[in-house]
Structures are given as C-alpha cells and as structure tokens.
1. Full extension from A:Met178 to A:Gln437: what is 0.36 nm times the residue separation minus their Cα-Cα distance, to one decimal in nm?
2. If you take every residue apart from A:Leu134 with its C-beta less than 10 Å away from the C-beta of A:Leu134, what net charge results, scoring Lys and Arg +1 and Asp and Glu -1?
3. Please list the non-local residues whose amide H lies under 5 Å from the amide H of B:Arg158, H modeled 1.01 Å from N, same-chain partners needing a gap of 5 or more.
4. Kindly put A:Val523, A:Val596 in sequence by how many other C-beta atoms sit within 10 Å of each C-beta, fewest to most.
5. Show me, for the stretch B:430-443, the HN-Hα J-couplings you get by feeding each phi into the Karplus relation (A = 6.51, B = -1.76, C = 1.60, θ = phi - 60°), rounded to Hz, glycine and proline as x.
6. What distance in nm separates the two pseudo spin-label positions at A:Ala203 and B:Leu269, each 7 Å out from Cα along the beta-carbon direction?
7. Could you estimate the translational diffusion coefficient of the stretch B:413-544 from the Stokes-Einstein equation, with Rh from the Kirkwood formula over C-alpha pairs, at 25 °C and 0.890 mPa s, in whole µm²/s?
8. At most 14 other Cβ atoms within 10 Å and a DSSP loop assignment: could you name the trypsin sites (Lys or Arg not before Pro) in the stretch B:403-460 that fit?
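Please treat every number below as a calculation from the coordinates, not as lab data. Here the structure is a predicted model, which is why all the values come from computation and not from measurement. Glycine gets a Cβ as well: all are built from the backbone with ideal geometry, and neighbour counts include every protein chain shown.
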Amino acid sequence: MATLYEGFTLCGLLQTQNVSDSAIQGIELDGDSDHVVVTDTTRSVTLYKVSDQKPLGNWTVKQGQSLTCPAVYNNQTKEYVVVSDKRVIRVWRNEDLNLDKAFKATVSADVWRVHSALEGEPVVLFNRGAVRLLDALLSAPQQTIENVLSEEEIIRWSTNFVVEKQHFVLFTTEQKKMHFLYVQRLNPNTLHKYRLEREDSGAPPLSVSASLWDKRINLLYMYPNGCVYQSAVAVWGQAAALEDEEAPALPRTLLLRLPVGEGELGAASAVALDEAHVAVVGVPHPSAGTGKDFLCVWNTNFQTLQAGKEMAGRIYGQVWCYSGKLLVPHGKALSVIPYDCQKSSLASALGKLWKCGKEEPRSSVAVPSWNSLLYEEQPQGPARAVETRRSKLSRKSQSVLALTVDQVLELIKTGPVEEVQREVEALVSRGDAQDLQTSVGQLACQLVGRSQAESAFYTPGALAQLVHTQYLCHSVCPDLLLLALEHKDYFLCQLCLQLFPDIPEVVTCACLRAFISVLDGDVEMVSLEPDSVSFMEGLVAAGARGGQQNGFSPALYDEDSCDAHHQPRLHQDKTPAVQLEACPVGLHKAVLLNEVLQTPYSDSLLLPHLKDLNSQQVILFLQYLQFLYLKYSQDAYTQMPGLRSPTMTQIIDWVCLVLDAHFMVLVMAPDAKGLLKNLHFFVKSQVRLFSELGKIEDSFKELHRMKPSKDIGQYSIEVIELF
Amino acid sequence: MGEFKVHRVRFFEYMPTAIRAMSFNAHTERLALARVDGSVEVFNFADRYFQEKVIPGKDAHSIEALCWVGGRLFSAGLHGEITEYDLENLRPKYSLEAYGGPIWTIISNPQGTHVAIGCEDGTVKLFEVLAEGVQFERNLDRQKGRIISLSWHPSGTRIAAGMMDMIRVFDVLTGHAIQRLLVDRSVGGCKSRETVVWTVVFLSDHTIFSSDSAGKVQVWDGHTGTLVKTHQLTKWDVLALSVSKDESSVVAGTSEGTVVQFQFIAPNLQQQEKEWVRTRTFKNHTHDVRALVEIGTAIVSGGMDTQLVVRPLLEKFEEKCFASGLRRIHFPHRNLVSCAQKARLLLLQFPGQLELWRLGESDGHGKPGDILPLKTKPEKLLYLKRKGKDHICCSALSSCGGWLAYSTVSSVRLYRLQTDNNISITKVPKLPKVLRSAHQLCFSSESSYLFAASSQSSVLVISLNQSECKYVHTLKPKSGSRQPIHLMTTSVDGKWLATANSDCEVHVYNLQKLELHCMVPMYSSCPSAMGIHPTTNNLTMVHADQQIFEFSIAEKQYTVWSRKLQMQGLHNLWLNRDTPVTHVTFNPKNPDQILLHDMYMFCIIDQSLPLPDQKTQFYNQMTLRSLSEQERPSHLHAFKVCKSFQDLMCMRLLDDQSLVVVERPLMAINSQLPAPVRQKKFAT
C-alpha cells in the first residue's frame, strides 16, 4: 500500500505572465537529502531546508539576465552550477553571496541543460545534442561544440545517470512529429538512438521521467490520452549506426491507462516511486469528477489507485520526487508531500499472518513479491535479453557438459523418469540463485504437467528439491500440491505446506481431508521431516510420563466443580479425560495435521471448505485438537524452542472454526456428545483464565493508582493518626 | 492514641560536602574522615559506626590526607601545613608550615615514629613525631614534579611515591631514589595528558600497587621495578586504593563510583602459586570514590556523593549480625535544628550561617491523611552569617525564642532576639571571658541560664537577663574525663542538667546547688540522645546500640519501667535499625509518652502499654488501622512507629501538641551534586 501524508508548503510561487506556466524551472537535490535547490523561471535560485520549510540561501542574476536551466549541485566540489542566457555557465559556492561575483564562463554554443548525478561530476548537454563533462568544458570554454542533432530536431527532455561509474545522458527529441530517445554514454562515448512509438493520436508525450532500478534505466512516459508506458533502456547495448539506419523502436509496455475524464490531459506528469508505484499529477481522480488537480499514487501491478490528494489551485504538470517526498507546484505554492510505499507481497494479501512469531525469519525468504512472480512469466525487453545473454555466457564458462534450463525443459517433455530426475537435481544443485529464481517455476510446471498427463511419470525427489529451493510457491505451480496428494507423496505435501506461503484455503482443506482419512498404517512408513516428527514424539511421550511436573496435577475439571450440581457427574467426566492421554491419531498423521494447523488462512474463506469434511472426520479432528490443547495446557510439555509446532492460538482458532462449520452436525451426532462436553469445559477454562487475567490486570492498575504521586512542596501541615 | 498535626518542613537545605580522605585506626577502631569543607569526623566502628566527634572546618583550609599516629590524628592539605587535631577539644591543636608548597599526602610509618609528606615542589619530607608535636627531620632526594601519593613499606626502610607519569621508590635511610617505575599514559585518550598516580600501596613482599588517572590499577615488583600486571578498570580515574591488614586484598575506588577488589589467591584450584586477581566489583556510589579503607570485615568508602558506605565482606561473617549489613551514613548523628517550642521558631544550622524560620499556621481540621490549607506560610525571619573563618560547630535557640547563641572553635556569640512584630537581633556584648568556645550550647527552659560545654567535660553556667550576662559557675565531673560533651539537656523545672561525653559518661548536675548530683552507671555504648522528663524528672537515654534506659534522677537509680524493658529486652527489629536515635522529647500533656526519632522513623513510646516481645508484630500501625475499635486494645504495644516521614533531620513537639518534622530528602541532596562522570548505558 502507498500512503500520502499530510503535506506542507515549502514556498510560494511567483506569478508568471502566462497563467498556465509554472513559476518553477526545476528542483534539484543538494548534497543533503533534506535540502532542495529550487530554480524559478526568471532569475533566482533558492536553497531550501525542506523539513524546516525555510530558505537557506538565495542567489539572483542581474535584471535583464535570465536563468535558462535549473541550478544543480555538484556533490564532488560542493558547488552550484547554473546557466544564464543560454551560454554563460556560473559556478558558485554556498558561502558566495552574490551570483554576479561568482565564477563565469561563456561557451560557444547554446546549452540545454546541466545535469548532475550524486556520484559523478556534472555534464552539460547542448541544444544541438553534444555532451561535455563540466570540468572539461570549463577548462576550455570556447572549444567548438559539434552538432549532433539537425536544425529541426529539438530536445524536449533530458536527464542523466551514473551506472557503475559510467555517465549516461538520456534525452528525447522531437523532429517532424516524430519522437526519439538518445542514450549517450560518456568515456567511451557511444550514442544510441531509439524511436518512441507513435501514440494513435500522434500527440507528443506529456511527460517523461526516468528512474534507475537494479542498474537498469526505466523510462516512464505519459501521453495525453492517459496511457503511461514504461520502457527499459539497455545501457550496455552495442552502438548502433545513427545516420543510415532507421532508429529502432523502443520496446514499451503499457503500465497504466489512466482515466482522463473529458477531453485530453493538458498538464500532467508521472514519476515512478518504486518498481510498483507511480505518482501522477494532473490526472482526474477516478471517483471525484473531472477536476484534474489531483496527486495520485497508482500501483502498476494491480492497476489500483492507492492514494489520492486534491491539490488546491492549478497543477502545472510538474512533480519531483526526492527522498520519500513529492514536490508539487500548484496554485500559488510549492507543496511537499511525504509518501510511503510499502512493498506489496503475497504475505500481506493473506488473511492470517504467515507463520506468526518465531518462524518469521525463515519465512521472509519464501515470500516472493508480486514483481518477481510477474516478471518470471515475461522475460522480455532488452535488459532481460542482456541478462540472459550474460548468464548464458557465464554458464557456458562454468560447465560444458551440464544441460541448460531450456534443454532440461525439453528433456522433461519426453525423457525417462530417472534421467529427468538426475538432470533436474544436477541443475538445481549447481544453479546460481539468480538463474534458479526464474527457472524453478518453469521446471516445476513442466514436471507437474507431464505427471498429470502420464500417470506413470512422477519424480518425487526432483519436485522435493525444487520446493526446497524456496523459490517456488503455490501460485507459480498450483497443481503441485494436489499432484502430491494424488500420489500420496506425504513428504512433498508436508514440504509444500511448510514452504508455500500462499496455499488457498480450498487446497488446505483438501489436504486436511486427505490427512484425516488416511489410514495410520499408510503414513507410518512415510519418512517425514524429522523436526516435526520429533516434536510430536516429545509431545506424546510427555503424556506417557504421566503428565505431571512437581506433583502438579492439572485441575481443569476440579476447578469447575465448585458448582454443587456437577458434583456427581464429575467422576464420569474424568474418564474421557484420562482416555485422552492417548493420541487419537498415529504419530505421522499427527505430524501432517500439525502442518495443516500452521498453514496461513483467512477465516471466511476457510469456513465454507471446512464443511466438506464428514462428521467422522470432524470428530476425529476435534479429538486430535483437544488432545493437543490438553497437552499444551497441562504444562507437562515445555515447548522446545527450535521445533516447528502449532501454537496454542492456532489450535484454538481451528477448534473454533471446525465447531462453527459443523455445529449442528455435532450436536446431532451421538458419538460427539462427550467430545462436545469436554470442549465446553475447555471453553469454560479459557473464559476463566481470561477473567482471572482481567482481574490481575485490574489489580495492577489499582496498584498503579494507589502509588501516591502527591507532590510535597517545601512546607505543608498534615494530619496523621497513630494507634 | 490520637491524631497529630504535623508541620512537614522541607526548607532546610542542608548539603553535606564531599568526602575527601579517610584513615582508619585499627587499634582504637576509629575512622577519621575529612570532608571537602575541611571538617573532620571521627566514627567509632566498635559502637555501631557512631559519629563520636566532629571537628568543624575552616574556610580555605582543605584537607588532602589524614593519618593516625597512635591515637593522634594528623592532616595535611594544599594550604601547605601539617595540622594535628586536639580530639579532646575538637579543634586543631597546631598547624606547622612544611615549606614545600601544597601538600598532597601525609602518611605515618608503621612504627609510628615518623610522618612523611609529599609536596608540590617534588620533595618528600620526613617529620619526627614527638610528644608535643612534629619536628622536621630531613628531605628525601628532591624530584622533578609533584609527589601525589606515598606509601611506606611495612619495614619502614622504603617509601614508594606516586608522581606524574611515574612512581619512585626511595630508600629512607640514604634518602636516594632507587627505583623509577614509568606509568603509561591513557590508552585511548590524549597522550599529551600526564598520568597522575593517585595512590600507591607498598606491600611487605615489595609488591607495589598503583592507581592512576588513566583508569589503571598496576601491580609492580618493587625489587626489580618491573610491571607485573595492568588492570584497566575504567576510562576515568582510579582515585583510591586500600590494602587489608593481612595484605590478602586490595580495593580500588574509581570515578564511576565502583569499588573493585583484588585478592591474592591461587587462580585455580591445583595451583599453589598465588597471584593478584581481580575478584569483585561493588557499586554503592553514584559519584567518584575519593576515599577508601579496608577494615578487615568491610570496605568503607566515601566520595563525591557525600555518603559514607560500609560494605561488609560477607565471607567474613558466620551469621547475620549488625556488622554484616550494608550501612550508609548520610546525616550527622547530632542535631542541626533547634526549635523554640513556645515561639514556634526553627533555627537551622549550616557551617557558614544560621537561618531562623517561623512555622506556618493553619486553623483547618482534617481527617488523617489530609493536607491542611495554610493560613500563614512559613517565614524566614533571619539569615545570620557567621563571623570569622571558622565554621559553626553548635547553636542553640531558647524555647521562648528570645535568645540565640552559636559557637565556633574560636568564639561564642549570643544574641537577643525579638520576633513578635518587628524582628530585631542584638548581639549581647561583653560575654564572660571564660566563654571562649563551646562544644554544645543549651538554654534553660525559662531562658535564664545559658549552659556551654567546655573542655574536660566541664559546663559553664552563664546567667542571662535583660541587662547583662554573667558567669556563674563551672560544673565539673568527678571522673576527670577529658572527652568533650556531645549531649546536654536541662529539666523543665530548671533544677537538673544532664551531660553526656564521648567516654559514654552521663553526669547529672543539680543547678540549684550548682554541684554534681550523680553519675549514671556507665554503659558501654555512647548515648546518642537523651532528655529529662518534664514531670517525673526521669532521664531517658538512648544509646548508639539502640538500648533505651530510664534513670530516675531523684532516686539515683533506673526506673521500674527501664528495668522491665531491660529484663524483657528490646525487639530485634528495634535493635537492628540502621541509624541512631538523635533526639528524645516528651509530651507534657501525656506524661506516659516519650517521643524519639532517627533518620527513617519517629516513634512514640507509651509507657502505659505493654512492651512488645519478640513474637509481637513490631511495626503494627497498619494492622491497627485495619482493626475495629474493639479489637485494637489487645494488639497495642508501647512502641508506635511512624515511617511516613523519611530522611528526618529533626522532630519536635510544639506546645500546642503539633509535631514538627524536618525532612531533608536524599533525592534533593543528590540533585544538587555535580554530574557524575558520563557512562555509556545500554541503548543511550
């Protein structure tokens, strides 16, 4: 989820002659993440401390001169750089008061922009497309600047990045209604040119922004019809010849199709906040009429609006995003709006928290984000291609003999069981993590697909190994768990239940049904995960020891005997309790049931599927849950910290759910009578416990209030009484 | 028993000063303690740490070190003089300029024939101790840099001297330095800062312990001059070291307020060879531990946080007893507050001034536990600064509020007070010549006489009236004790005067005949408070060991109640209390009641009620409160203890039956201390 917090005004805006133009030319980050350098469209540069909402410094050029590019901060020399009147580069420091006295250099061609990245020195982009490092330029200001672009080609937007110490300057141009993207790399200099695909209307992009994720430059551009496209720009690609060939089209993906209301968008802008969130200004809020003065945050994975905020006054289609804050000029003010984007993941979409408490660290690996799931299916785009090329190369160098993923995939389609098993295992054991992430899903799907088609084909070892990599989850390969159930591969079932964070409730219920109805004899021979088995062994053994520690006997039933009417029945009640010392299900069956208990679920989704159980199954399951509850509440068994075991809360939750789902059936069934009665006590004892806890809490509160906090001053006259 | 209106006074801003030096005389079991204001206190460790004597300080006369030579006490300080104290008259006997600049330390040799001092000019000076004083004998080789600390080898032939960045070992006979031990500068800190060797300890096997400003305790071999072991205790200074008599344990006090013990033991079971091992750490102080003494069964420490802590070493005790408990001594064991019961005035005594306050009033009535609204607020009537350099040692206010007197070691001043409408104070001129100084001052109940405790346990009687004051008589005990009087009280009818001195003697004088009436049978523990009953003229004494005696002056024997109390014995909870009772008074309206208090409680003893035996619940006020009127009488016993008021400096009963308690919360004292050294705490 994303949140927009309460914003604040950083500064007021000057009124420009043309009402539709913003008064701000650009906002750049200072060396400090709390500082921004704001350049207005006329003559002044102001440094603000954002959290204090106050200006720290202001520099103005003389009347008659004008600033033609936003001031940037050179993080290496701690200097500010700005261009006035297109050709004069001015460099000054924070302590310089007067801009006119600062260093000046006049260059021989018109400058479009000066860009500065945090790690690198500033670069200067000329109107005609040439790029120079600032230092190199200032050492010989009058050097000749070559023309890269033709006369008619005009730069519309530009930015720069430093990726692995390589400077990149990106800029878009317009020429005869055609739009191009140039990627200029410095030292060694290479230039790439891409054509931006034409939108149907032929309109130019309203805004372009670029961001850097995983050393990959993502371009985000928005058209007046509300479409937001994303393109991954290959920065390491080969240099393409510029003049002769037609520039290749930049592959793009439609990220969002925003509602535009009536007419087309005028001034709007989009900026990427992270891999999944885009902030958009100047686009109408889908549920608030046609006004376009909104700042919205969209989740691109779900195409959902995550947060929206109406901005008072006109929006100029400008938005900047620095260190967790959005800066939006609107109306007569520049507002700063802090935001927060949380990673959306399967786990947060699940109802119950995935493995509450102690299991947390292990599970975090197993929860894949939507992104990795989605990208797994679509290995496209130039960057992806580059990546696979590189990994292929590295794999080639590693071993020539082993099969590649693609070859294994082919093999799975036809090969014999043993060979498939061997090759998959070989692949998994040698593969590096990056590769496996993508291929494990494919492998599993392929294996499961073949097994479903041919009943004779089943590779439990290979599947178990794939599950063990923890790159797999239920959504990637939805048939895996059912296949395992079908083949009575309980070990694999257990693994899946343990490691998949996203098992749907229907499958959980299917597993439960299968586990309950399986014969004890069938499961006892199956080898299961040793930790969970040893937990159950410990639990059962604790009961065998007599369930007493330090002479304490659980007074669950005695406690309830205060009511005189229950006195005669009491001894009868005790008998089932004694019987319950024995576990109603076999050891391995119990282990499997424990896994079900620990699976995440949400109540409302689970309840309908629980009704699928028949009354015998329900009674057995309830007996087992009661057994667990008694064991836990007897204190006789102290939980071993390292072992995977259902918690008390999980047990009680399941008891409640099963009772909810089958209450009428249980009331009617004669053999469930004793069980229900016991469970009634069970509830009573819980109620009693909580009421006692409540009393203790109240007593503590009372104690707290009793503490006299009276302040005795220098002098007082008090009355005391002695006896 | 009834309700009391209590004036709860917290405006006495008494502030004890930091402890600077200590010296323990194992022979007499007396601990001498010097504070930063130059006062010296003597505690009797054989008598429940009772503060026997206080020698008031003097402006610009700080003390750096104390040492006992036999029963004589010497001090030296940065003023450059050696001072010997007259413990019988509680004043400096003489001061001798040492001509070596400021003196940092003074020690005596184990034989008790010489003292050595360490001077700022780098000399160690030896003085011979003679019967009438000390006499300069010679200098040891003069060093560059000041001598901060000294330690005499038990044989008396060597002296170790701690200096800046080094330790020197001198041969006493030749006076030459024979060893030079270089002490490292601090590890992390600034190298340019010199390391001050704050203390050295010379053991009989020629092992030298040193503690320094870089936070180290180092063990040296004195024969070879080599470093054996370094213990880095703290980042701050290690200011004090002390060795036990059998040389099996050394304790070190740090600026962090911790005391670290080192023991000479075999590091593991099989090994025979012993070495010095750091064993225990005690943390009883919040501030610097400046002075430290190992007394065999306990570690006594004191420092910037002004309290004296006696930390018992529990392995030295077979069973639980008084000495096996941790003791903290915060307040002096004497009264700093005088009260005029009739005039409702309080006189607060500080070392440098006296303050006279009038208590507030309230006409409201309230239930027990209520705080009554004030009609008039308490009022500071007078702020009287002392004259001269000497600090005030005692003061007195007459019960009518018309007279005020105070004494320093050099003079006594008497003032006539008028407090009714317009406050005026007039110094009484021309006091009798004999009245030069007093250990205790006391007015008779009718304010017609002033009694001043003088030398050799004698009491000067001065008659007062509007026109003049006149010397009447000197009351002298027959015992010939030379010890000072520390308690003095008169009877309401003006007939009797009782005095108690540090020899534990209690004398009763007949004021009409101006002669000794009798001497109360000697008891081994020193009286800490006493009072004469207004109607029966019984003298009630409470001793430092918490025993209570009631002595009938008329019959010259213990009363029946007192015998009964001694037969039955006091309750253990009473006997095991921490602090001595510092005042005894009576309720004139109810002759059965005796009121007394210590630092943590006040108690009303009702002599008409049965005495508690060991099985009785001693602190029974809470129980009694919960019982009904009918049940109560069967649970009553004589000791009614109230702990509602803590850190008590004074408790008095005014003539209108209301109580005055003067509290000085320790929190308030702590809050006025300078900030302790900064220590890294978890998560800060």
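1. Working it through step by step, the gained length comes to 89.3 nm.
2. With Lys, Arg at +1 and Asp, Glu at -1, the net is -2.
3. Correct list: B:His153, B:Val172.
4. The fewest-first ordering by Cβ neighbours comes to A:Val523, A:Val596.
5. 6, 6, x, 4, 5, 7, 9, 7, 9, 7, 9, 10, 7, 9
6. Inter-label distance under the simple model: 9.0 nm.
7. Estimated via Stokes-Einstein, D reaches 159 µm²/s.
8. Sites meeting the loop and neighbour criteria: B:Lys430, B:Lys433.
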